[in-house]
């Protein structure tokens, strides 16, 4: 009998602290599977961010550094410049990358640092209790927008992939979703491609993975998946935003 | 011939696997585990085709699928 088991070698055998229905676990597994498949386990260094993914440093079975809030790309830059043969990835949430860390992130992209960023977008600040994030959708109710996010008061949500797709130093940008098996398989291919861009020395690569936060949305995990399909994916269209062969959206 | 097993202690009862199963044979059991979640289970084991989609979607790596001929 052939066994299909999920746990890759690059992921430690300890239970995740994430809430039921949170898709961080899927994203962790995909990154670890790609590290295993590319055979870069011994020379990969991960930078975990602040937020729910702060404990990613416990889960990945590779060298990990825990960065200050939003500073993961800068730390990755430093490590990559000192040890250019290592494979660097940062694992950041939307509160970390799109709010406090957007300056570090954009400058890292403009410098064209050869690192890979895995960006998990769940539209809220998960760990601190569901406050509005820069990526919160218009009309979405959070702890700090009890009547829904409005453009007049809170401004427009940041679409990170579109924002950096025009930057020269960026090699690869793709937005994927983690809400069903088909999209998860696509997401794994995207993460693999992003790591390959770094291994080939082409430039900065970003994979934005849409995820649900059922706890802070106040929905059950299944309702949250439906919410993602109906509200989130129309606002954050999936696809490749930049690749070396040519840009443009491909669904 | 396929067999699916759940690591019940790790299951958080999120039910994502129930949406992924093309045969719709994954249901939530009435018993709860140590963490207090209703765990996922399969009632009609014979209907499982071993596609492994539940393995792909499970965030907590609870599911193990065996497929192929029995030795």
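The values are calculated or read from the model by the stated rules, or taken from the named source; none is laboratory data. These numbers were taken from a predicted model, which means no experiment stands behind them. As a convention, Cβ positions derive from the backbone with ideal geometry for all residues, glycine included, and neighbour counts pool all protein chains shown.
In the list B:57, B:25, which residue meets the criterion of being touching a helix residue (DSSP H, G or I) at 6+ places or on another chain (Cβ under 9 Å), surrounded by fewer than 20 Cβ atoms within 10 Å (Cβ to Cβ) and either more than 9 Å from every other protein chain (Cβ to nearest Cβ) or within 19 Å of residue A:182 (Cα to Cα) (or both)? Can you show your working first?
Numbers: B:57 fails: surrounded by fewer than 20 Cβ atoms within 10 Å (Cβ to Cβ).
Going through B:57, B:25 in turn, just one is touching a helix residue (DSSP H, G or I) at 6+ places or on another chain (Cβ under 9 Å), surrounded by fewer than 20 Cβ atoms within 10 Å (Cβ to Cβ) and either more than 9 Å from every other protein chain (Cβ to nearest Cβ) or within 19 Å of residue A:182 (Cα to Cα) (or both): B:25.
Between B:1, B:35, which is farther than 23 Å from residue A:23 by Cβ, surrounded by fewer than 20 Cβ atoms within 10 Å (Cβ to Cβ) and within 11 Å of chain A (Cβ to nearest Cβ)? Break it down stepwise before answering.
Working: B:35 fails: farther than 23 Å from residue A:23 by Cβ.
Matching residue, one of B:1, B:35: B:1.
Can you tell me which of A:191, A:118 is touching a helix residue (DSSP H, G or I) at 6+ places or on another chain (Cβ under 8 Å), at pLDDT 95 or above and in a helix (DSSP H, G or I)? Walk me through how you get there before you give the answer.
Values: A:118 fails: in a helix (DSSP H, G or I).
Only one candidate qualifies: A:191.
When A:185, A:120, A:164 are screened for being buried (at least 18 other Cβ atoms within 10 Å of the Cβ), closer than 17 Å to residue A:31 by Cα and within 16 Å of the chain's Cα centre (by Cα), only A:120 passes. Restricting attention to the stretch A:144-160, does a residue exist that is touching a residue at least 24 places away in the same chain (Cβ under 8 Å), surrounded by 14 or more Cβ atoms within 10 Å (Cβ to Cβ) and within 30 Å of residue B:18 (Cα to Cα)? No, the stretch A:144-160 contains no residue that is touching a residue at least 24 places away in the same chain (Cβ under 8 Å), surrounded by 14 or more Cβ atoms within 10 Å (Cβ to Cβ) and within 30 Å of residue B:18 (Cα to Cα).
Does residue A:129 satisfy the condition of being in contact (Cβ under 8 Å) with a residue 60 or more places away in the chain and at positive phi?
Considered against the rule, which asks whether it is in contact (Cβ under 8 Å) with a residue 60 or more places away in the chain and at positive phi, residue A:129 comes out as yes.
Determine whether residue B:65 is buried (at least 18 other Cβ atoms within 10 Å of the Cβ), facing another protein chain (nearest Cβ under 7 Å) and assigned to a helix (DSSP H, G or I). Answer is no for this residue.
Here residue A:89 meets the list (1) at the interface with chain B (Cβ under 10 Å from one of its Cβ atoms); (2) touching a strand residue (DSSP E or B) at 6+ places or on another chain (Cβ under 7 Å); (3) modelled with pLDDT of 95 or more almost entirely, failing just condition (1). Looking across the stretch B:4-22, the residues that are assigned to a loop (DSSP other than H, G, I, E, B) and either more than 8 Å from every other protein chain (Cβ to nearest Cβ) or closer than 20 Å to residue B:50 by Cβ (or both) come down to B:7, B:11, B:21, B:22.
Would you confirm, using the coordinates I've provided, whether residue B:40 is surrounded by 15 or more Cβ atoms within 10 Å (Cβ to Cβ), within 17 Å of residue A:21 (Cα to Cα) and within 12 Å of chain A (Cβ to nearest Cβ)? Walk me through how you get there before you give the answer.
Details: surrounded by 15 or more Cβ atoms within 10 Å (Cβ to Cβ): yes; within 17 Å of residue A:21 (Cα to Cα): yes; within 12 Å of chain A (Cβ to nearest Cβ): yes.
Criteria met by residue B:40.
Looking at residue A:208, is it away from chain B (no Cβ under 14 Å) and either out of contact with any helix residue (DSSP H, G or I) (no Cβ under 7 Å at 6 or more places or on another chain) or within 17 Å of residue A:34 (Cα to Cα) (or both)? In short, yes.
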